[in-house]
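The values are calculated or read from the model by the stated rules, or taken from the named source; none is laboratory data. These numbers come from a predicted model, not from an experiment. Here the Cβ positions follow ideal geometry from the backbone for every residue, glycine too, while neighbour counts run over all protein chains shown.
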Amino acid sequence: MAEVVSTDVLIVGAGIAGLWLNARLRRAGYSTVLVENATLGGGQSLKSQGIIHGGTKYALHGALTGASEAIADMPRRWREALAGDGELDLSPVRLLSSAHYLWSPGTLAGNLTSFFASKAVRGRVDAVKGEQLPPALQHPKFKGKVYRLAELVVDTPSLIARLAELGAGSLLRGDQVTALHEGGDLVGLAVDGRNIRAQRIVLSAGGGTAHLLAALGVKEPAMQRRPLHMVLAKGTALKPLYAHCLGGGPKPRVTVTTHPAADGQWVWYLGGDIAEGDAVGRTPEQQIAAAQRELADLMPWLDQSGLHWATLRVDRAEPAQSGLVRPDNAFLADQGRLLVGWPTKLALAPDFSDRVFAALERDHIRPQPHPALPALPAPALGQAPWETLLP
């Protein structure tokens, strides 16, 4: 006979969005179970660059877009949590950089002049030079301009570990997930022989959400994938850099974040325009060569001879949009007891949880008494890609 488990909210998908929501619900007094069929954060979350955007990168034409408005408050909320004073206590999480930077390698392109003069970024951007420059740009040959953003970069492995700690006892490793119906209504999910009944079910499984919806016989909401071909470089020649390098277009030419490897060396993780478009069709060798040329052009003083290289393909899973454009904010749709959503970006995990809490409040879902959860087999922590792909 199947083991029966009763809880308030059943979550499927243990990336940043699911883990954040799970921890916040538990802090609010809800009973939860969070199901993951692989490793914690092992999908998109540990493949992200850890940047807590404030929207500046979405305003490169001088206009404050819907995306920049939606995400503008995220750095404040994350800073409060990292200080131990927010909706979650993330004080044990490693902060890689208290700021992110905009970096112009030469003369500002015309469209960027209006960007810096616009109200979109007033109070969010400060020019820096000399010893204030990121270490990687403190070189006599550097002739560009650098602007400090009121954003931050977090270490995703320590973030996943802390959120898992906050959800201890509620995390369940489960492979087979099927619908649990009663009288024709969805009342829970059957997970590897456990019948888990819940007041609400939240699907936050990123790229796995489409498969889950199909397994549950649900057609909406539709999901889209937007691919990236990221690049990693590791070596003793690298110094910390957390910056968007600006080109003449609406997207950063390259976005660099720096991460500590287990052996003590620095890893540069390269995204932005260099990882999109034509990059998706390149072989790993072609993509590495493109990255090497780009860095040689932008930082000719950098000695690349001792660097180790790798590439990583990432499928960003999001709610379907016309023309495969990037959604402005976190997304949540509901059908009875089923809530389905995507945070769209790591920084928007608090926004995603807000939407779930709003749905619970609207439907008058309150914490209920439940038997104590049995001991559950927990998923393992995922590994950062630089630990598995680089020597």
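Can you find a residue that is in contact (Cβ under 8 Å) with a residue 12 or more places away in the chain, of a type in the set (Val, Ile, Thr) and either surrounded by 15 or more Cβ atoms within 10 Å (Cβ to Cβ) or under 30 Å from residue 360 (Cα atoms) (or both) anywhere in segment 281-290? Yes. Within segment 227-247, is even one residue outside any strand (DSSP E or B), out of contact with any Leu (no Cβ under 7 Å at 6 or more places or on another chain) and at pLDDT below 95? Looking through segment 227-247, at least one residue is outside any strand (DSSP E or B), out of contact with any Leu (no Cβ under 7 Å at 6 or more places or on another chain) and at pLDDT below 95. Just one of the listed residues (194, 293) is farther than 30 Å from residue 140 by Cβ and not β-branched (Val, Ile, Thr), namely 194.
Can you tell which of 187, 202 is in contact (Cβ under 8 Å) with a residue 24 or more places away in the chain, over 28 Å from residue 276 (Cα atoms), in contact with a helix residue (DSSP H, G or I) (Cβ under 7 Å, 6 or more places away or on another chain) and in the same structural domain as residue 372 (by TED's automatic domain parsing)? Answer to the check: 202.
Each residue in segment 343-359 was checked for being at pLDDT below 95 and closer than 15 Å to residue 209 by Cβ, and 2 of them qualify.
Scanning segment 164-190 for residues that are touching a Ser or Thr at 6+ places or on another chain (Cβ under 8 Å) and closer than 28 Å to residue 346 by Cβ gives 167, 170, 189.
Every residue, every condition in (1) in a strand (DSSP E or B); (2) β-branched (Val, Ile, Thr); (3) surrounded by fewer than 18 Cβ atoms within 10 Å (Cβ to Cβ), yes or no:
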position	(1), (2), (3)
274	no, yes, no
278	no, no, yes
293	no, no, yes
316	yes, no, no
332	yes, no, no
349	no, no, no
377	no, no, yes
383	no, no, yes
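Go through segment 265-306 and give me each residue that's at pLDDT below 95 and within 24 Å of residue 387 (Cβ to Cβ). If the condition is that a residue be at pLDDT below 95 and within 24 Å of residue 387 (Cβ to Cβ), then 272 is the only one that fits. Taken as a whole, the condition of being surrounded by fewer than 23 Cβ atoms within 10 Å (Cβ to Cβ), touching a Ser or Thr at 6+ places or on another chain (Cβ under 9 Å) and not in a strand (DSSP E or B) does not apply to residue 161. Cβ-Cβ contacts under 7 Å between residues 6 or more apart (or on different chains), taken from a first residue in segment 352-375 that is assigned by TED's automatic domain parsing to the domain that holds residue 19 and in contact (Cβ under 8 Å) with a residue 24 or more places away in the chain to a second residue that is assigned to a helix (DSSP H, G or I) and not small (Gly, Ala, Ser), are listed as 352/21; 353/20; 353/21; 353/24; 356/21.
Looking at (1) over 19 Å from residue 24 (Cβ atoms); (2) in contact with a strand residue (DSSP E or B) (Cβ under 9 Å, 6 or more places away or on another chain); (3) assigned by TED's automatic domain parsing to the domain that holds residue 9, can you tell me which one residue 279 breaks? Result: residue 279 fails condition (3) only. Pairs linking a residue in segment 1-12 that is buried (at least 24 other Cβ atoms within 10 Å of the Cβ) to a residue that is of a type in the set (D, E, K, R) and assigned to a strand (DSSP E or B), with Cβ atoms under 6 Å and 6 or more positions apart or on different chains, are 9/200.
Could you please find all residues in segment 68-100 being outside any strand (DSSP E or B), crowded, with 21+ Cβ neighbours inside 10 Å and modelled with pLDDT under 95? Passing the criteria: 68, 71, 74, 75.
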